[in-house]
1. Mark the label point 7 Å from the Cα of LYS149 along Cα→Cβ and return the residues of region 166-199 whose backbone N is within less than 18 Å of it.
2. Amide H of VAL99: which non-local residues (sequence gap of 5 or more, or other chain) have their own amide H closer than 5 Å, using H built in the peptide plane?
3. At a 10 Å Cβ-Cβ cut-off, how would you order SER356, SER269, fewest neighbours first?
4. Residue by residue through region 121-130, which ³J(HN,Hα) values in whole Hz follow from phi under the Karplus form 6.51 cos²θ - 1.76 cosθ + 1.60 (θ = phi - 60°), with glycine and proline marked x?
5. Taking 2.2 N^0.38 Å as the expected size of a compact globular protein, what ratio does the Cα radius of gyration of region 70-179 give against it, to two decimals?
6. Go through region 308-319 residue by residue and turn each phi into a ³J(HN,Hα) via Karplus (6.51, -1.76, 1.60, θ = phi - 60°); whole Hz please, and just put x for glycine and proline.
7. Amide H of LEU418: which non-local residues (sequence gap of 5 or more, or other chain) have their own amide H closer than 5 Å, using H built in the peptide plane?
8. Can you list the HN-Hα couplings for region 326-335, worked out from phi with the Karplus curve (6.51, -1.76, 1.60; θ = phi - 60°), rounded to whole Hz and with x for Gly and Pro?
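No lab work stands behind these numbers, since they all come straight from the coordinates. Being a predicted model, the structure only gives us computed values, none of them experimental. Note that we place each Cβ from the backbone using ideal geometry, even for glycine, and neighbour counts take in every protein chain shown.
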Amino acid sequence: MKISVWGSTSTLTNKRASLLKKSVFSKVVPFFKQSYQRSIKRWLRTTGICAIVLLTVFFTALPARASDHQDTTFLANKLTAADLTDLFVFESPSDPSKVVLAMDFDPLITQGEVRPFDPAILYQFKIDKTGDNVEDLVLQFRINGRGRKQSVSVFGPGRPAKVGTESKLIRSTGTGKLNQAFYAKKGLKVFVGQRKDPFFFDLEQFFKILPDRNYQVQPNPGPPLTVVSFRPPGEAKDTLAPFNVHSIVVELPRKLLGDGKIGAWITTSVQTPRLRKGNYAQIERLAVPALNELFMDFKAHNASNLRTPTKDADNQSSFIRSFVTTIGRPQGIADAVISVAIPDVVKADLSKPTGSYFGAQLGQNFGGRRPKDDVIDVTASVVFGDAVTGIKDGAIPALVSDNVGANDANFLHEFPYLGNPL
């Protein structure tokens, strides 16, 4: 889930509040005034006729939407089918020899809305088996056709034909229908279709804390910090409860991915005239929830999306340290976040039977991420509280939890594990 968690409590000093206001308004607001046109011009220069076609389709077919799911202005407004929201890597609840990979994308689908899948986009799980943050395996998905006869083709898992931000299809392992489970070669069980959005967060209250993070009110948001805490238990609300999302869920033998620690991330890519032989160019990348969106300036998201995890150590680390300084906390907080969240990959230890969020980084268990993991509270309790680090200096207690928990109705005990759509 993509979020942006800036915030404060009534105990914030005037200096800290001033720093937050300066950071938010000096960086975010000017970006929205100027960079949208620049990003579209760059897109047209690099992608040519294909981009013009895509822009024409999406300008006329899609309404503007506001969401914490949005990663860049272009993805949020014009190419939502490429907008990644969540990556899950977890042990199979039904078979200990298997693992589940799941990605969510194309957010904020309303009840009863039938939103078509986009055949122009290549969806990929990328797996690093050696710890060098370069993919050793890829699992690819591409939608075929348009309208009611759409289907999905699966490629891999297998060695990538190309690594990095340019991708090429590998050998096909099967084809199936949308919105129903099917089997592919190598023991894969696959579901590609609409699901209930599994993420839970009081986004409504968050937008009251920092209105500038609400895409819908740009470029003239209200002042930040007029509200200085999340709602208490019993009053907090899951803002995403009314929405569905598109999902790809795969259950496969662990041995296909390795027998030790792996790193996983997901990407969306499109074909462009500048690439030969119909190869695909990466336009978004996602792994650890809340990482870029919590710490990174919004205007830097697009550049980060066009990089690989090998570039994260210098890039994201600097944003993390700047953010921690801005909210008035010691650099030990930044050190802790960097140690487990950089590079931006979800880590899992396939040699362990079960796990917890960040468990692989801490050498404790399988690690990975399950749909019910409260990743917002885990992250916020470290950044704004004293979890893991024990550092109490500058803690902001009213921001360590949004007081929203997982709703059991949003999940299934059996494949595809994500709840039925509304």
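1. What the label zone holds, given the 18 Å backbone N cut-off, is 175-179.
2. Placed amide hydrogens put SER92, LEU252, ARG254 under 5 Å from VAL99.
3. Values: SER356 16, SER269 23.
The order, fewest Cβ neighbours first, is SER356, SER269.
4. 10, 9, 9, 9, 8, 10, 10, 9, 9, 10
5. Working: Rg = 15.3 Å, N = 110, 2.2 N^0.38 = 13.1 Å.
Normalised Cα radius of gyration, region 70-179: 1.16.
6. Whole-Hz 3J(HN,Hα) from phi for region 308-319: 10, x, 5, 9, 6, 4, 7, 5, 5, 4, 5, 5.
7. The answer is LEU412.
8. For region 326-335, the Karplus curve yields 4, 8, x, 10, x, 5, x, 5, 4, 4 Hz.
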